[in-house]
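Everything on this sheet refers to the single structure shown next.
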Amino acid sequence: MSDFITRLKNITGLNIHKEKLYQASLKVDKEKIRKTLLDLKKEGFLQFTTLTCIDWIEEKTFQLVYHLWHREEKLHLKVKIDIDRDAPIVETVSDIYIVAQTYEREVKEMFGVDFKGNKRLIPFILEDWNEIPPMRRDFNTREYVKDMYETEDRTEEIFKPRWKKYD
Amino acid sequence: MAWNDILKPLSGWKFLFKKPHTIRYPKEDKIPSERYRGIHTNMIDKCIGCGSCEKICMNQAITMKEMDVEVKEGTTNLRPVVDHGRCCYCGLCVDICPTGSLWLSRDYRHLSEDIDTFIIDPNVKEKEREGWQKAPEFSLIPPERGKMEEIPPEKRVKSFMEVFVGYTEPIAKEEAQRCLGCGLCVDACATHMHIPDYLKAIREGNNEEAVRIMFKNNPLSEICGTVCTHFCENVCPVGIIGEPVAIQWEKEFATRTIEDYKKIIDTTIKEKKERVAVVGAGPAGLSFAFYLRLKGYKIDVFEKYEKPGGMMLLGIPSYRLPRKVIEKEIKFITSTGVKIHTGTQIGKKKTFKELLKKYSAVFVATGNTKPYTMGIPGEEGKDTLQAISFLYDVNTGKKIDLKGKKVLVVGGGNVAMDAIRTSRRLGADVYLSYRRREVDMPADELERKEAKEEGIEFMIQTLPIEVIREKGKIKAVKYVPTDMDFSEKGKRPKPVPRMNDVRTLEVDIIIEAIGQGPDLTYLEQEFGESLKIEKGKPVVDKNLMCSIKGLFFGGDMANKQNDIVSAVADGRRAAEGVHNYLQNK
Amino acid sequence: MKQKTEQKKSLNQGGKNMTEEKSIDFFEYFIGPQHPGITGNFGVILNAVGDEIIKAQANPGYLHRAFEKLMEQRMYLQNVPLVCRICVPEPDVNEALYSMAIETLTGIEVPERAKYIRTIVLEMARLAAYLFYFGGTAATLGLYTLPNWSFGDRDYILDLFEELTGARIYHIYMQPGGVRRDLPKDFTKKLYSLLQTLKKRIKEYDGIFFDAALFKKRTKGVGVINKDMAIEYSVTGPNLRASGIAYDIRKDTPYLAYPDINFNVITENEGDFYSRVMVRRREFEEDIKILEQLIDKLPSGEVWNRYPMPLNWKVEKGDVYVKVESTKGEYGYYVVSDGSEKPRRIHVRGPSMTHGIMLLEKLLKGQRIADISPIMFSLDICPPDIDR
Amino acid sequence: MNINILYAALAPIVAILLGLLYIGIGRKIIARLQRRYGPPFYQQYIDTIKLLAKKTVSSHGVFFSLGPIMGLAGSMVTLLFIPFGSAAPLLSFHGDIILVMYLVVIAPLGMALGVGEGSNPNGSIGMARGLTLMLAYEVPFVLALFSVVLYTHTTSIAQIVQSQAGEWSLLKFHGFNWLTFALPISAIVADICLQGMLGEKPFDQVIAPHEIASGPMVEYGGKYLGMMVINHALHIYIETALFVDIFLGGGPVWFFIPATFSVFILSLIINGVLPRFRIGQALKFYWGVPLILAVIGIIYTMVVIK
């Protein structure tokens, strides 16, 4: 696996870090994602495993992680890009990996990240959704549930220190 | 397509007369397995109401509700009530429950049209059809506390250096993780220090915040971290399954990381005109002075001895409480503007009445200075020492040589422990006589263990009856073994001496450490009948004010616990009391 | 969510929508979310001309429970009872994956015995899931005898699960560091005798279903996924093996006790409905062999390595992707920790996300209405893990 | 009072009770095959009474409501032509076998009318399948009947029954007069067609729960569903009775009920262990082997008569 990573580094010129288990990670610029994935597909990363979005709200970025799998070399590669949280637009990879279409649909819906060029960014799971995309960190589920279903939220009560009476 | 394949499916009909594998409920019933996770059951008497189940429950299915139960020490009247509409039957509450009172039964059926009946108060006293139960080896709370480095006994008996080195940061953080955050310790602590809060600060690496939280309730935190009766650890629910959280050592760790408290604790003071006098610069007096000073009053502390610190300084040997710790704390307290007049004994040159005239209020915390004696024949003499005066002599630097001498210490409290270990350090062979069993000893378990390690012989269940003297010097002690009488329930067992089995032990010196009481002679002389005294202690109200207006009592002389932390608590309470009194005057 | 259901219903009542704009007259046909031919709450919107489908559109979202969001708000241990609910027929892979991810992040070692016990649980779950699959597939073809048999046999596995873990479906048995309890008395004996029974039972299934002429007639050549298509659509698991590609995570990147176990990777060549069923049917026997080996090799010792008190447990900063071979394909968890008491992000990669949306839509095109449910079932789509 | 009116009133009730009983016992037997205990044999009565007692919430128009009634009426009329064992039917004349073939179709057609009004695609598909299936099994079935008519030289069901009659008693069995023995090939064809008529697997495409969610029944509820269940029970009785009358006829009344039940059980045995055909496959199947067999049956009959 390590040999393959060095070879891959030489061919593509990408800075790949080997990590635990069968994984390696790679950070590229937002603009280069299409080129990188095209290169990697040529190198034999045929399986598009999944696409994850992580909301780093403190740093005002969304991190997109493209998970690719090389069947022969047994390498799971995480390609990470950072995009601006306020203008989340990135180019689609659904023409490179056809299944990415579904994952992009999901990320668009859950995080509001726009994928330029994806032909099918229609609503996926949610419908008639008027709030901010729900998987963003600033979407407060407890508030939403309170308004929607009039249930009580006891989190504060549970973790309220009982010894406040001694203050 | 073979003919065989067309006809083969008919082979299924051979099951026509075989026994089906379904069950005809309710004619037949299936008993769930022994580990089945069914409906909650709680042994309400065993439950201590710590609320860990409520915290671990991911669905908020468990609510702690106040119930009509007997509240013993270290328990609350809260008991879990389970909403089975929300429960997911994961059993995490069972696995975290420190007492093992909560378990899941094998029952799983509950049918009702009323939603409220699904909220079940699991109140069961007898076990029946137990399902998922707590297995001690799979308890979610780590049972062992973080280990602390310790100087070996052979080395430590030779000097008065501190026995414990203290926690290092990683261990302290790990240890602080074991806290359940139940707050039972806060109830138990005399000063109600917010223990879970500062443990949280410690595990987050924020020691300054931790110390700030401590000083809200206890200005002698470092001293309490070093020597304390730690009622908090005694009630800690983690102690039921293993060793309790090392709250005292955590406190010691956090305070020792701070060089100067002045830098981190906000001590800006709005000055007030009133002046308040404090008699006795012990823990009670110092904490009183600190908190009242923070409220803006001008404080004068009068101390009989040359150095402030009271019993902490004079009674506790330096291998347990290093002197620099006391100096650090007192330096911080005086830096707020508290004035300490050392070498000024009230009652002799100045009287209490004078103080009352000069000051708006007077707080008296002179402690227990009058030792009790055994009252046995041959007791009086120069070589029968009182533990407090003995320790006082040692701690003030008086040279006492006990090398090669045989010392008998009588008693089982912490003072006795100090006496035996100090004598041991001075080179004596030490025996300890205690009339009850070892488990009944008021002294710390840790101290007992260390004393044994240091080579001190424990004579458990023995009672000295006579001191044999030769030419005025002690030669031997006659003593008898005792039996325990458990007839009085709820109280400590009574020792019954076996008078026909008299034994003798050759000793050179006897040190009595059987307790002490307050010395109220000066007060009685001055105030006479107007000062109410019961059982040798002045009667005080909830503000700690006695029957004379403006005169407050606190510390060992007014409470029953006779330890530092209660004294500190008294000081804080009295400060509140004095403040209230002066505001409403 | 409620609104959505109502809306869908009203559309459904509208029924035959002859659209006038289009040149071809087709009618819109809704399958699901409440439909006996569907594996759970999942819908497919079909445009059909007569009996032939010209366009299919997967319509998930009826079972969206926002687990990924919920997990961000719970402490690490509190997620253990939550993750198993992601996929109902095979919940244990979720527990195993979540535990493995946390172990990889924190570096907690798993005792050897716990690894074996976990593998036993996973393989038992695989048998149970396959029995579920056989029954479901037979039912979509109209044979209701097999589901009754196989669900009954599955119950014997569930009985053992109950004995081992205290629950029948949501076991909540694995936790970071190992498993929650040791094996009960005589468990391996009982398991062994059950395996012998199952070996006989699968032969009886053969007679009524797998060898039956009508079954072959219905399934051969239906819903073909050829090799190229399988790779293009990132198909994993038994569906990929049915297309002739020998790929099994248990063999390629072995986890838990699999490195010590000998087993064959089963493949079929056609890639059609029949191959997909038969791959699983043959794997069923292979799994029985794996379980027998596991029982033989089971070491003794501890079953759990302690982690810090769960209420105050902070996991080191980092991210990790772990995966296992489930009956449905590659199941993966991507856990991102920011060093606090709660996970930053847990992404669940269910195999149904790839199989259930684009692949299904592609396969359904041109099929008959009668073949919709069988094709869906043959792919072993588990809608709960699409929605999460 | 005319005895005929009594007959007309009693026949449907007996037929419905018998049909429901057959379904109930059939469920029990299938349950045993599937390694279950199954519901009690009288479950079907309870269900039917419950359904009839229910309010019908939704309706999609007049024909929607009329459909089940038409179906039920058609079945009841058919019943008047079916002999109950050797007992003669209420109405009997030459050519009634042809009339029955028409009347049997009324029920599905009535249903088609109602279901079509309901405009649920599942129902429509189910009905379309039903009519296609009818097309499939009618052809060989009519050919099989044709050979019977050829053989017995009569088009009256009562006379066909009479032609098989012999001396019957508890001790003596004279079943050798059955047309089954005279025309075995036609009997087999008719039984295969009966499987389709009864809608048992592999020919249950009409209701196919996993494909079209119970097809025609999908929109109906309450009383209408109850009527459909009754209609189904009547159908089971009529079709098994028709088969028994034609191929196993001539026996006394006490023999008739076990005979019809046996025919029903025979179809259940196949139903229990087979999946279903796709509708196209079913059509191909019926127009394949059974059709050829039916033709062979006719040729055989012609040979036998000569």
Complete set of residues in region B:31-42 that are within 11 Å of chain C (Cβ to nearest Cβ) and either among the aromatic types (F, W, Y) or in contact with a helix residue (DSSP H, G or I) (Cβ under 9 Å, 6 or more places away or on another chain) (or both): B:P32, B:S33, B:E34, B:R35, B:Y36, B:R37
In the set B:I120, B:I141, B:I223, which member is in contact (Cβ under 8 Å) with a residue 24 or more places away in the chain, buried (at least 20 other Cβ atoms within 10 Å of the Cβ) and closer than 30 Å to B:T41 by Cβ? B:I141
Filter region C:197-214 down to residues that are surrounded by fewer than 16 Cβ atoms within 10 Å (Cβ to Cβ) and touching a helix residue (DSSP H, G or I) at 6+ places or on another chain (Cβ under 9 Å) and give me whichever is nearest to the other protein chains (Cβ to nearest Cβ). C:D206
Can you tell me how many residues within region B:234-255 are closer than 14 Å to B:G183 by Cβ, part of a helix (DSSP H, G or I) and either touching a helix residue (DSSP H, G or I) at 6+ places or on another chain (Cβ under 7 Å) or at pLDDT below 85 (or both)? 2
Please work out which residue is surrounded by the fewest Cβ atoms within 10 Å (Cβ to Cβ), limiting yourself to region D:249-306 and to residues that are of a type in the set (D, E, K, R) and touching a helix residue (DSSP H, G or I) at 6+ places or on another chain (Cβ under 9 Å). D:K284
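Here is a yes/no grid of residues against (1) assigned to a helix (DSSP H, G or I); (2) more than 21 Å from D:F264 (Cα to Cα):
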| position | (1), (2) |
| --- | --- |
| D:D204 | no, no |
| D:E211 | yes, yes |
| D:Y220 | no, yes |
| D:L225 | yes, yes |
| D:I230 | yes, no |
| D:L234 | yes, no |
| D:E239 | yes, no |
| D:F243 | yes, no |
Which residue is modelled with the lowest pLDDT, if the candidates are limited to region D:38-63 and must be within 14 Å of chain C (Cβ to nearest Cβ) and surrounded by 16 or more Cβ atoms within 10 Å (Cβ to Cβ)? D:H60
Enumeration of residues in region C:27-77 that are closer than 30 Å to C:K314 by Cα and of a type in the set (K, R): C:R65, C:K69, C:R74
Looking only at region B:532-551, which residues are closer than 22 Å to B:E576 by Cα, touching a Leu at 6+ places or on another chain (Cβ under 9 Å) and not in a strand (DSSP E or B)? B:V539, B:C546, B:S547, B:I548, B:K549, B:G550
Would you check if C:L143 is crowded, with 23+ Cβ neighbours inside 10 Å, within 14 Å of another protein chain (Cβ to nearest Cβ), not in a helix (DSSP H, G or I) and not acidic (D, E)? yes
Which ones in region D:35-56 are without any contact (Cβ under 8 Å) to a residue 12 or more places away in the chain and in a loop (DSSP other than H, G, I, E, B)? D:R35, D:R36, D:Y37, D:G38
Helices (runs of 4 or more DSSP H) wholly in region C:276-388 with at least 1 residues that are within 11 Å of chain A (Cβ to nearest Cβ) and either modelled with pLDDT of 85 or more or crowded, with 21+ Cβ neighbours inside 10 Å (or both) - which ones? C:351-354, C:360-364, C:383-387
What's the number of the condition D:G26 fails, among (1) free of Cβ contacts under 8 Å to residues at least 40 places away in the same chain; (2) within 14 Å of chain C (Cβ to nearest Cβ); (3) within 30 Å of D:I97 (Cα to Cα)? (1)
Matching residues, region B:306-337, being basic (K, R) and closer than 25 Å to B:K270 by Cβ: B:K331
Residue ranges of strands (runs of 3 or more DSSP E) in region B:1-107 with at least 2 members among the aliphatic types (A, V, I, L, M) and under 33 Å from the mean Cα position of the chain (by Cα): B:62-66, B:78-83
Of the numbered conditions (1) away from chain B (no Cβ under 14 Å); (2) under 24 Å from C:F132 (Cβ atoms), C:V110 satisfies every one except a single condition; which is it? (2)
Test result for B:E379, surrounded by 18 or more Cβ atoms within 10 Å (Cβ to Cβ) and either assigned to a helix (DSSP H, G or I) or touching a residue at least 24 places away in the same chain (Cβ under 8 Å) (or both): no
Got a sec? Which of B:V238, B:V245 is closer than 17 Å to B:K147 by Cα and in contact with a Pro (Cβ under 6 Å, 6 or more places away or on another chain)? B:V238
Among the candidates B:I564, B:I510, single out the residue that is under 30 Å from B:T226 (Cα atoms) and outside the structural domain of B:F290 (by TED's automatic domain parsing). B:I510
Is region C:149-162 home to any residue that is more than 9 Å from chain D (Cβ to nearest Cβ), under 30 Å from C:K217 (Cα atoms) and either among the hydrophobic types (A, V, I, L, M, F, W, C) or outside any helix (DSSP H, G or I) (or both)? yes
Could you list all residues from region C:34-59 that are buried (at least 17 other Cβ atoms within 10 Å of the Cβ), within 12 Å of chain D (Cβ to nearest Cβ) and at pLDDT below 80? C:H35, C:G37, C:I38, C:T39, C:D51
Considering only region B:163-172, I want to know if a residue exists there that is acidic (D, E), modelled with pLDDT of 85 or more and more than 30 Å from B:N395 (Cβ to Cβ). no
Select from region A:51-70 the residues that are assigned to a strand (DSSP E or B), more than 9 Å from chain C (Cβ to nearest Cβ) and surrounded by fewer than 21 Cβ atoms within 10 Å (Cβ to Cβ) and list them in ascending order. A:T61, A:H70
Could you grab the pairs with beta carbons closer than 8 Å, sequence gap of 6+ or different chains, first residue in region C:61-77 and touching a residue at least 40 places away in the same chain (Cβ under 8 Å) and more than 8 Å from every other protein chain (Cβ to nearest Cβ), second one among the aromatic types (F, W, Y) and buried (at least 21 other Cβ atoms within 10 Å of the Cβ)? C:Y62/C:F42; C:L63/C:F42
Candidate set from region A:37-50 (those that are more than 9 Å from chain C (Cβ to nearest Cβ) and in contact (Cβ under 8 Å) with a residue 40 or more places away in the chain); member that is surrounded by the fewest Cβ atoms within 10 Å (Cβ to Cβ): A:L38
Filter region A:14-25 down to residues that are away from chain C (no Cβ under 13 Å) and hydrophobic (A, V, I, L, M, F, W, C) and give me whichever is nearest to A:L68 (Cα to Cα). A:I16
Report whether or not B:K537 is of a type outside the set (A, V, I, L, M), buried (at least 17 other Cβ atoms within 10 Å of the Cβ) and over 30 Å from B:G404 (Cβ atoms). yes
Taking region B:1-30, which residues are more than 9 Å from chain C (Cβ to nearest Cβ) and surrounded by 16 or more Cβ atoms within 10 Å (Cβ to Cβ)? B:W13
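The values are calculated or read from the model by the stated rules, or taken from the named source; none is laboratory data. Everything quoted here is computed from the prediction, not taken from an experiment. Counting neighbours? That spans all protein chains shown, and the Cβs are built from the backbone with ideal geometry, glycine included.
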